[in-house]
Amino acid sequence: MSLRIGDDAPNFQVETTEGKIDFHEWLGDSWGILYSHPADYTPVCTTELGRTAQLKPEFDKRNTKVLAVSVDDLESHQGWIKDINETQNTVVNFPIIADPERKVAHLYDMIHEKASATATVRSVFFIGPDKKIKASLTYPASTGRNFAEILRVIDSLQLTARFSVATPADWVQGQDVVIAPAIKDEDIPAKFPKGHKVIKPYLRTTPQPE
Ligand code: BEZ
């Protein structure tokens, strides 16, 4: 069954390129990204894993741990990592799950049979410190993911978890945000002391609260 926003992120114990991991224990109090790769030694995945390694400081800044899964074994992953490091000019600095039996792939419904019976699609699960699914993305194998968008979603999830706001179309850090409809007009000044604009009664904006 597919996982939906608000569901518990299923736990698992796996072998990874950085040793054995109990997923929930490994996450600790961090946010998490669990994302799938159709298979080792594939071109788009090679660029995605390289990009993830380059962006490690950005994930760290957001207290977010990244865990990749690919449906091949550890030996294959270790050989592939050498290629990723060489071709993407980086050092893979996060774990990749060995999932030759597709346990994690099935647990997170990452195999969509109409796309491929054996390879995963490109899933991304955003997991909160409470170990619940906060968001997910699904792309076909032929479309590499946009890592600026992944970071932007983390920013939005973390901001909206702390304040009664929502982030509008194409929002990025530092831009105005939308005040949640549940907030009464009279409560806005105390909650959002940086000021606010009423564009329509249902569309009220305020500078990003932090
Ligand atoms: C890739 O990662 O490059 C890829 C994997 C499966 C199908 C197409 C592309």
Dividing the Cα convex hull volume of the range 163-206 by residue count, how many Å³ per residue is that?
72
Which of 150, 183, 33 ends up with the largest GNM mean-square fluctuation for the chain, with Cα atoms connected below 10 Å?
183
Sort 127-136, 89-98, 164-173, 193-202 by the packing proxy (mean of other Cβ within 10 Å over each peptide's residues), most packed first.
89-98, 127-136, 164-173, 193-202
About its Cα centre, how strong a charge dipole does the range 13-144 have in debye, to the nearest 20, once Lys and Arg get +1 and Asp and Glu get -1 at the Cβ?
520
Report, for the range 13-144, the % of DSSP beta bridges that are antiparallel, rounded to 5.
60
Net charge dipole size for the range 128-210 [Lys, Arg +1 and Asp, Glu -1 on Cβ; Debye, nearest 20]
140
The lysines whose Cα lies under 28 Å from the Cα of residue 134, excluding any fewer than 8 residues away in the same chain, are 20, 56, 61, 65, 103, 114, 184, 191, 194
Suppose we take every Cα in the range 88-145 and form the convex hull; what volume per residue is that in Å³?
126
Accessible area (Å², per residue) of the chain, counting only protein heavy atoms and a probe of 1.4 Å:
51
Find which of 161, 79, 192 sits farthest along the positive direction of the dipole of the chain, computed with +1 on the beta-carbon of Lys and Arg, -1 on that of Asp and Glu, about the Cα centre.
192
Cα convex hull of the range 72-121: how many Å³ per residue?
87
For the range 1-124 (alpha-carbon point model, no solvent) the Debye-based log₁₀ I(q)/I(0) at q = 0.13 Å⁻¹ works out to -0.49
How big is D, in µm² s⁻¹, for the chain by Stokes-Einstein at 25 °C and 0.890 mPa s if Rh is the Kirkwood radius over C-alpha pairs?
133
Radius 14 Å from Cβ of residue 101, net charge of other residues (Lys, Arg +1; Asp, Glu -1)
-2
Can you give the calculated 222 nm mean residue ellipticity of the chain, where each DSSP H run of n ≥ 4 adds -39,500 (n - 2.57) and the sum is split over every residue, rounded to the nearest 500 deg cm²/dmol?
-8500 deg cm²/dmol
Please report the net charge: other residues with Cβ closer than 15 Å to the Cβ of residue 131, K and R +1, D and E -1.
-2
Cα extents of the range 48-91 along the principal axes, largest first, in whole Å, come to 31, 22, 12
Using alpha-carbon coordinates, inclination of helix 74-88 to the longest axis of the chain, degrees
60
Net charge contributed by nearby residues that have their C-beta within less than 9 Å of residue 35 (K/R +1, D/E -1)
+1
How big is the range 116-184 by Rg and Dmax over its Cα atoms, in Å?
14.7, 51
Once Lys and Arg get +1 and Asp and Glu get -1 on their Cβ, which of 97, 55, 203 lies farthest toward the positive end of the dipole of the chain?
203
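The values are calculated or read from the model by the stated rules, or taken from the named source; none is laboratory data. Being a predicted model, the structure only gives us computed values, none of them experimental. Every residue, glycine among them, receives a Cβ derived from its backbone with ideal geometry; neighbour counts consider all protein chains shown. Surface accessibility is based on the protein's heavy atoms, side chains included, excluding ligands, DNA and RNA. Shrake-Rupley method; radii C 1.70, N 1.55, O 1.52, S 1.80 Å.
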